[in-house]
Amino acid sequence: MVIAIGFEGSANKLGIGIVKEGVVLSNPRRTYITPPGEGFLPRETAQHHRQNALIVLQEALEEAKIKAEDVDVVCYTKGPGMGAPLVSTSVVALTVAQLWNKPVIGVNHCIGHIEMGRLITGADNPTVLYVSGGNTQVIAYARKRYRIFGETIDIAVGNCLDRFARVLKLSNDPSPGYNIEQMAKKGNKLLKMPYAVKGMDVSFSGILSFMEERAQGLLDSGEYTPEDLCFSLQETIFAMLVETTERAMAHCESSEVLIVGGVGCNLRLQEMMGIMCSERNAKLFATDERFCIDNGAMIAHAGSEMFKHGWKTPWNETTCTQRYRTDEVEVIWRDD
Amino acid sequence: MSSELEGFEMMKQGAEGRLFRGAYLGKPTVVKERFKKMYRHPDLDEHLTKDRIKAEARAIVRSKAAGVRTPCLYHVDFNQRRLYMEDIVGSVTVKKFIKDSLIGCSDEEAMVKIKPVAYEIGSIIGRLHAHHIIHGDLTTSNILYSLSESSKIVLTLIDFGLSHIDNSAEDKGVDLYVLERALLSTHSNADKMFPIILQAYKKANSQESKTILAKFEEVRARGRKRTMVG
Amino acid sequence: MGEVTNIVTEKLDPTSGLYVSMALFRNVKNSKVIKDKVVSGALQCSIIKPSLIAHPFQVVVAANKAAASQVFGSMVTKSIYTELLFNLSISKNISQSLMKFGINESDQDILVATIHAEDASNMSEIMVQVEGQVVPLTDLQNICDFNLLRKSYKISEDELKVTSLLDSIVSRIATSDFVSH
């Protein structure tokens with residue numbers, strides 16, 4: 001009965017979660033929210049994580065009714081992500097591991113999302129669409145690796161959404177993407193914008209610049225409302241994501257799709273993906289905001305799987321890395 | 001308004017659409033019909049599909065001017081989202097040709113047969129790129145092999161569904177990268193074929209090949225390592 | 001193609017339910033009369049300059065495009081017959097196209113094309129009005145001006161290494177509304 005604790009802080013969410021044999025015992029989280037029109041920067045984000053780490057850790061232990069001695073392994077996000085936030089979070093995890101004298105496992109953030117998604121939804125071998133503020137990848141598992149079939153060639157889709165929210169000065173509470181989603185529900189006029197799918201890959205910086213340049217003019221002219229712009233942006237970028245996912249599915253002959261990552265909370269994206277799936281007689285799996293959004297339990301769960309299969313991160317390798325590709329990790333915990 | 005393709009037989013179905021085979025205007029014809037994607041906003045679906053059909057047809061026509069053999073186009077139907085083109089009868093994919101060449105032969109023996117084909121592949125892609133046509137999906141399934149009456153190797157390039165016109169060296173480098181990866185994942189002797197392809201490519205696109213191959217190496221090395229930004 | 005006494009008929013896109021029939025005439029004495037009748041609408045057909053036709057299939061593809069445009073309400077010219085002529089050309093200028101591919105009053109060779117429902121061809125009625133000699137459509141090989149065709153459709157030597165003249169022409173006709181040359 002492995003009990004794992006996981007520390008996640010690669011972006012603006014600080015999460016610490018405890019998992020016991022695939023059961024989430026606790027999963028508290030704090031989000032660093034900046035004022036409207038502003039994005040979060042590494043230094044302040046790291047500061048936020050430092051300020052909240054101990055409180056959240058205590059919450060995690062209390063809610064799970066776990067004591068330090070009960071923990072078998074301490075897991076933390078090794079990467080990818082923003083440097084300072086990653087490090088500030090890992091410092092807490094490593095210190096705690098030393099204090100409690102527990103082994104440590106550095107977990108790939110993307111793999112944390114995937115394994116938690118598989119656990120919660122029961123998806124067996126899905127094509128995974130991983131979409132967040134920092135990542136956009138279409139992943140399929142083959143021969144012990146989570147292989148990247150397609151990805152963004154520039155910015156992540158969540159980044160595109162977040163930055164557009166700043167143009168419209170939308171609130172970042174609870175998240176800019178959530179507020180764009182609510183606005184989009186009230187929009188209905190479609191603005192034609194660049195659609196950039198290149199084979200299995202996608203590109204968002206062109207769309208973002210297009211929108212950044214034109215938004216004010218379109219709003220001032222009265223031709224489009226902010227709701228229409230949010231609607232148009234979503235319809236276009238989500239169509240791009242669904243298309244690349246479908247291509248990967250066709251290539252791998254897969255009949256399951258799993259959406260993970262913060263942008264995966266978006267119900268319109270889920271709806272569109274669902275329509276594509278039903279046209280192909282495939283099944284869609286998605287999680288809710290507890291697990292879509294960065295959280296500690298996903299790190300704990302992935303780390304736990306790794307630990308059970310003999311993985312250990314030696315102390316001199318307990319570093320963090322901003323670039324950590326999903327396909328770099330050997331997935332020793334899967335039999336297929 | 002879309003009518004069923006009477007008298008046509010479905011050959012293949014992919015994510016983008018379906019391929020049918022039959023007779024049209026008295027000729028053996030392949031029809032590529034693109035699906036209407038219900039998850040897309042109807043306006044988006046319509047203009048995206050139209051743009052893609054245009055891009056595909058344009059690339060097929062321009063490739064001929066570049067001296068690359070492509071199917072003859074018979075009709076373009078935006079309303080029913082179809083492209084009607086020549087069915088190249090009596091050909092096999094290069095993929096099949098290569099695989100068949102290896103049957104009952106040693107690698108060296110097979111390479112004797114494959115070498116001239118690999119060379120010709122490099123030539124045609126070089127010509128394509130010299131005219132700024134990016135195929136977008138170079139695989140051995142998208143090149144057809146046949147022999148002329150005088151036993152000359154004839155290669156026909158098909159499936160321009162992801163093509164576009166661009167003079168950027170980066171896009172051309174990526175085109176080559178896609179081909180390399182496709183070869184590596186399909187053919188055991190890819191490592192012997194690709195250098196020959198590049199050799200012919202350099203000759204066919206002498207003006208730009210240096211820059212393009214440098215980009216190709218860049219894309220290869222990059223292997224998509226990118227910084228994650230919050 | 002179906003052949004009945006020098007008239008060649010081909011089925012067009014099934015959505016249209018139409019067919020195209022063609023006949024070739026040489027030593028025509030009343031080209032002016034024929035041309036006037038076509039312009040006035042008294043003769044329902046296209047009268048095409050044979051020197052610019054490499055093979056009947058070229059006309060079939062242009063006719064097919066015209067028939068499809070009629071079905072979907074997207075014709076650019078006034079009638080399906082002027083549409084056929086316009087489609088033969090890669091120029092977007094209607095009058096230039098009609099002039100180039102239509103006949104002059106002094107032309108002695110003419111190619112007649114009609115578009116009709118199955119078994120409802122008006123070709124025989126038209127043919128009796130032409131004062132000229134019906135010849136097999138294969139004679140186009142002798143009449144067609146290869147170099148003029150190459151120039152008109154802007155086909156290079158390089159292209160002819162990998163495709164026949166007819167295939168190049170046909171591909172251009174099929175895409176002339178959105179591919180420029």
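The values are calculated or read from the model by the stated rules, or taken from the named source; none is laboratory data. This one's a predicted model, so the numbers in the text were calculated from it and none came from an experiment. Here the Cβ is made from the backbone with ideal geometry for all residues, glycine too, and neighbour counts use every protein chain on show. All accessible areas refer to the heavy atoms of the entire protein, side chains included, with ligands and DNA or RNA removed. Shrake-Rupley method; radii C 1.70, N 1.55, O 1.52, S 1.80 Å.
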* Find, among the trypsin sites (Lys or Arg not before Pro) in region A:51-83, those assigned to loop by DSSP (not H, G, I, E, B) with at most 16 other beta-carbon atoms within 10 angstrom. => A:Lys65, A:Lys67
* From other protein chains only, count the Cβ atoms within 10 Å of every residue's Cβ in C:6-15, then give the mean. => 4
* Modelled label-to-label distance, B:Asp107 and A:Glu62, 7 Å Cα→beta-carbon offset: nm? -> 6.6 nm
* **For region B:122-127, 3J(HN,Hα) per residue [Karplus equation, 6.51 cos²θ - 1.76 cosθ + 1.60, θ = phi - 60°, Hz, x = Gly/Pro]** => x, 4, 5, 5, x, 5
* **Which listed pairs, of B:Lys172/C:Lys154; A:Lys13/A:Lys78; C:Lys32/C:Lys154, have C-alpha distances above 24 Å, in listed order** => B:Lys172/C:Lys154; C:Lys32/C:Lys154
* Asked: What size of dipole, in debye to the nearest 20, comes out for the protein assembly as shown about its Cα centre when the only charges are +1 on Lys and Arg C-beta atoms and -1 on Asp and Glu C-beta atoms?
  -> 1180 debye
* Asked: Roughly how crowded by other chains is peptide B:30-41, in terms of the mean Cβ count from those chains within 10 Å of each of its Cβ atoms?
  -> 4
* Label zone at B:His132 (point 7 Å along Cα-to-Cβ), backbone N below 17 Å, region B:51-79 -> B:55-56, B:58-67
* Have a look at region B:92-228 and give its Rg and Dmax from the Cα atoms, expressed in angstrom. => 15.0, 56
* So who's got an amide H within less than 5 Å of the one on A:Ile3, skipping anything under 5 residues away but keeping other chains? H placed 1.01 Å off N, in plane. -> A:Asp72, A:Val73
* Asked: Which part of region C:4-24 falls in the paramagnetic zone of C:Asn142, meaning amide N under 20 Å from the point 7 Å along Cα-to-beta-carbon?
  -> C:4-8, C:22-24
* Structure fact -> Taking only protein heavy atoms and a 1.4 Å probe, the highest-to-lowest accessible-area order of A:Trp333, A:Trp315 is A:Trp315, A:Trp333
* Asked: Relative to the Cα centre, what is the charge dipole magnitude of region A:125-286, using +1 at the beta carbon of each Lys and Arg, -1 at the beta carbon of each Asp and Glu, and rounding to the nearest 20 debye?
  -> 440 debye
* To do: Determine which residues of region B:158-184 fall in the zone a paramagnetic label at A:Ala250 would reach in this model, i.e. backbone nitrogen under 17 Å from the point 7 Å along Cα→Cβ.
  => B:158-164
* Could you give me the ³J(HN,Hα) list for region C:18-24, computed from phi with Karplus coefficients 6.51, -1.76, 1.60 and θ = phi - 60°, whole Hz, x at Gly and Pro? -> 10, 10, 10, 10, 9, 9, 10
* For B:Met11, tell me the accessible area in Å² from a 1.4 Å probe, rounded to the nearest 10. => 80 Å²
* Structure fact -> Once amide hydrogens are built 1.01 Å from N within the peptide plane, the residues lying 5 or more places from A:Ile155 or on another chain with amide H under 5 Å from its amide H are A:Phe204, A:Ser205
* Structure fact -> Expressed in nanometres to one decimal, the distance between label points 7 Å along Cα→Cβ at B:Gln199 and C:Lys78 is 6.5 nm
* Structure fact -> Of C:Ile53, C:Ile110, C:Ile155, the most mobile residue in a GNM of chain C (C-alpha springs, cutoff 10 Å) is C:Ile155
* Just tell me which lysines come within less than 25 Å, Cα to Cα, of A:Lys192; anything on the same chain fewer than 8 places away is out. => A:Lys169, B:Lys36, B:Lys37, B:Lys50, B:Lys54
* Say a site is exposed when it is one of the GluC sites (Glu not before Pro), sits in a DSSP loop, and has at most 11 other Cβ atoms within 10 Å; what is then the longest site-free stretch of chain C? -> C:1-104
* To do: With both partners inside the protein assembly as shown, how many of the DSSP beta bridges are antiparallel, as a percent to the nearest 5?
  => 80 percent
* Over chain A, give the accessible area per residue in Å² for a 1.4 Å probe, as an integer. => 39 Å²
* Inter-chain shielding of A:229-236 (mean C-beta neighbours from other protein chains, 10 Å cut-off) -> 2
* Asked: What is the Cα centroid distance between region A:1-32 and region C:85-114, reported in whole angstrom?
  -> 76 Å
* Asked: With the dipole of chain C worked out from charges on the C-beta (+1 for Lys and Arg, -1 for Asp and Glu) around the Cα centre, which of C:Ile7, C:Asn93, C:Val179 lies farthest toward the positive end?
  -> C:Asn93
* To do: Rounded to whole Hz and in sequence order, give me ³J(HN,Hα) for region A:95-112 from the Karplus expression 6.51 cos²θ - 1.76 cosθ + 1.60, θ = phi - 60°, writing x for Gly and Pro.
  => 4, 4, 5, 5, 4, 8, 6, 10, x, 10, 9, x, 10, 6, 3, 5, 5, x
* Asked: Using protein heavy atoms only (no ligands, DNA or RNA), what is the total accessible area buried between A and B, 1.4 Å probe, nearest 100 Å²?
  -> 2600 Å²
* Once both labels are modelled 7 Å past Cα along the beta-carbon direction, what's the A:Ser209-A:Arg334 spacing in nm? -> 3.7 nm
* Residues with amide H under 5 Å from that of A:Arg147, placed H, sequence gap 5 or more -> A:Ala140, A:Tyr141, A:Ala142
* To do: Take B:Thr93, A:Thr287 and sort them by solvent-accessible surface of the protein heavy atoms, 1.4 Å probe, largest at the top.
  => B:Thr93, A:Thr287
